[in-house]
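Encoded as structure tokens, the structure appears first; notes follow it.
The values are calculated or read from the model by the stated rules, or taken from the named source; none is laboratory data. Model, not experiment: these values are computed from the prediction. Cβ placement follows ideal geometry from the backbone for every residue including glycine, while neighbour counts extend to all protein chains displayed. Surface accessibility is based on the protein's heavy atoms, side chains included, excluding ligands, DNA and RNA. Shrake-Rupley method; radii C 1.70, N 1.55, O 1.52, S 1.80 Å.
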Amino acid sequence: MTEQAVRWTAEQVLALAPDEASRKAGARLGGAGPWSQTGDSASGSVWGLCKGSGSTPYRTVVDLRGPAYKCSCPSRKFPCKHALGLLLLWAAEGFGEPGEAPDWAAGWLAERVAKSERPAAAAGRPVDEEAAKRRAERRAARITAGVGELEQRLEDVLRDGLAGQQQAGYAPWEETAARMVDAQAPGLAARVRELGTIPSCGPGWPARMLEEGALLHLLNRGWLGLAGLPEPLAATVRSRVGLGGTAAEGEVVRDRWLVLSQYDSVSPDGRLTTRRTWLRGLGSGRPALVLDFGPPGRPPGLALPVGLVLEAEARFRPGSAGLRADLGERAAAAAPCDRIPAGVGTGEALEAYGAALREDPWLDSWPVVLGAVIPIPGELGWQLADAEGDSALPVALPGGGSRSGLWQLAALSGGGPVTVFGECGHRGFTPLTAWHPGCPEPVALG
């Protein structure tokens, strides 16, 4: 059996769609009717010609190791409806014995291989260390000046009291965030923007604003006392300020990575979409967080369906409790996982989150797979209770909003134990993916 013979499910293919319209359009192209000259390769690619409205069929090819897509249609969506339709057809029927890609597909696939080898070649080039050191010193001086300005802003807010923050509105905080951008401290700018949105977030906002303001003050003091911190904590402070090291400086872990969850969030000003992809190494057991970003109106490019396993290098960046990673070279096409990930109890989940906070006090949450827990709705909120034991975790609503995912989880559970992946944080556990006992196919919670 080749790796290509392990096909994805239709749900995993549709999870790649950038929006609902693409899902519907791709589903309509998931039959054999409009397709011709379809095929796949043992190295992990599929291709085909799709009949469209013009005289020439669209040429569509997908590299499953990314996944990455190429189509001759004019759509600016990735993947386009033709790529989704081709993958759905392959997922449902397969394309027979693997073969050689036609020239129009082979050329693009060869370019991708060559492009993946360029970073290694660039790494061997000589670096002007003195010039790099001077640039780093100039940037550190700008950040220090920005931190001083931000500290003064926080002091002014406390001196004047929080009561006037709702009337003051968001604009003063946006102005402060812009000054942090000028100081080349994007991490501080992002935290300032989040701080500015709290007064409009409903009951209890003064306490939350005080909490977030204290964390921001702690980060400022960490930067100003950076020289006296142990190196792991200093790396975390640099990362949180926005001066994190590159993946090239961090640890490289090669493993088979299970995609546990993927979701998008939009910045308060609507200018940036962040895609968070949670992975777990099946060999190492190590969690990894891969971030990708998209400009307004366009989703981020990285799309990895939940439940797939990809064999790849993960390059972990310094700091941030060792979570943040970039995916490097991939050895084979992604394939569905054949087992449910092992989980822990709610007590172990809290211990893991506490241990991570010691490394990174600004950590919002820690990724945890809970094994054998039962969702329980209640008047004061939902809980996830150990099936055997007497402890439970409060459930935090995803994004503070919809309960539909919780009812979806309750329906999957039927009152019995389920395995749940989510983010364990100081506001509770946010469930993101669940598995029914005996079924390795995950359910992404909406």
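Among the residues of region 279-303, those identified as part of a loop (DSSP other than H, G, I, E, B) and open to solvent by less than 10 Å² (accessible area, probe 1.4 Å) are PRO300, ALA303.
Consider region 216-225 and keep the residues that are crowded, with 16+ Cβ neighbours inside 10 Å and aliphatic (A, V, I, L, M). The one that is farthest from VAL192 (Cα to Cα) is LEU219. Of all the numbered requirements in (1) part of a loop (DSSP other than H, G, I, E, B); (2) surrounded by fewer than 16 Cβ atoms within 10 Å (Cβ to Cβ), PRO394 misses one, and that requirement is (1). For region 65-86, taking the residues that are of a type in the set (Lys, Arg) and in contact with a Gly (Cβ under 7 Å, 6 or more places away or on another chain), the one that is modelled with the lowest pLDDT is identified as ARG65. Checking the stated criteria, GLY44 turns out not to satisfy the condition of being under 25 Å from PRO336 (Cα atoms), open to solvent by less than 20 Å² (accessible area, probe 1.4 Å), of a type outside the set (Ser, Thr, Tyr) and at pLDDT 85 or above.
Within region 371-390, the set of residues being charged (D, E, K, R) and either surrounded by 13 or more Cβ atoms within 10 Å (Cβ to Cβ) or within 17 Å of GLY347 (Cα to Cα) (or both) comprises ASP386, GLU388, ASP390. Would you point out the residue of region 4-25, among those that are part of a helix (DSSP H, G or I) and hydrophobic (A, V, I, L, M, F, W, C), that is modelled with the lowest pLDDT? So, considering only residues that are part of a helix (DSSP H, G or I) and hydrophobic (A, V, I, L, M, F, W, C), the one modelled with the lowest pLDDT is ALA5. Among the numbered conditions (1) among the acidic types (Asp, Glu); (2) touching a residue at least 60 places away in the same chain (Cβ under 8 Å); (3) more than 26 Å from VAL113 (Cα to Cα), the only one that GLU251 does not meet is (3).
Residues in region 94-128 that are at pLDDT 80 or above, in a helix (DSSP H, G or I) and either open to solvent by 100 Å² or more (accessible area, probe 1.4 Å) or farther than 30 Å from SER41 by Cα (or both): ASP103, GLU111. Would you check if GLY347 is touching a residue at least 60 places away in the same chain (Cβ under 8 Å) and open to solvent by less than 50 Å² (accessible area, probe 1.4 Å)? Judged against the criteria, GLY347 is not a match.
Please determine whether any residue of region 73-83 is surrounded by 18 or more Cβ atoms within 10 Å (Cβ to Cβ) and of a type in the set (S, T, N, Q). No: zero hits. Step by step: first the residues of region 398-438, then only those that are in a loop (DSSP other than H, G, I, E, B) and open to solvent by less than 50 Å² (accessible area, probe 1.4 Å), then the one that is nearest to TYR263 (Cα to Cα). Which residue is that? Ranking the candidates gives GLY401 first.
Counting only helices (runs of 4 or more DSSP H) that fall entirely inside region 151-237 and contain at least 1 residues that are within 30 Å of the chain's Cα centre (by Cα), the qualifying elements are 171-182, 186-197, 205-224. Contact annotation: residue pairs with Cβ atoms under 9 Å, 6 or more positions apart or on different chains, pairing a residue in region 223-241 that is closer than 12 Å to PRO361 by Cβ with a partner that is assigned to a helix (DSSP H, G or I) and among the aromatic types (Phe, Trp, Tyr), are VAL237/TRP223; ARG240/TRP223. Residue pairs whose Cβ atoms lie under 6 Å apart, sitting 6 or more positions apart in sequence or on different chains, and linking a residue in region 352-378 that is touching a residue at least 60 places away in the same chain (Cβ under 8 Å) to a partner that is among the β-branched types (Val, Ile, Thr) and surrounded by 15 or more Cβ atoms within 10 Å (Cβ to Cβ), are ASP360/THR236. Restricting ARG339, ARG330, ARG317 to those that are open to solvent by 20 Å² or more (accessible area, probe 1.4 Å), touching a helix residue (DSSP H, G or I) at 6+ places or on another chain (Cβ under 8 Å) and touching a residue at least 12 places away in the same chain (Cβ under 8 Å) reduces the list to ARG317. Scanning region 238-258 for residues that are assigned to a helix (DSSP H, G or I), of a type in the set (Gly, Ala, Ser) and modelled with pLDDT of 85 or more gives a single hit, SER239.
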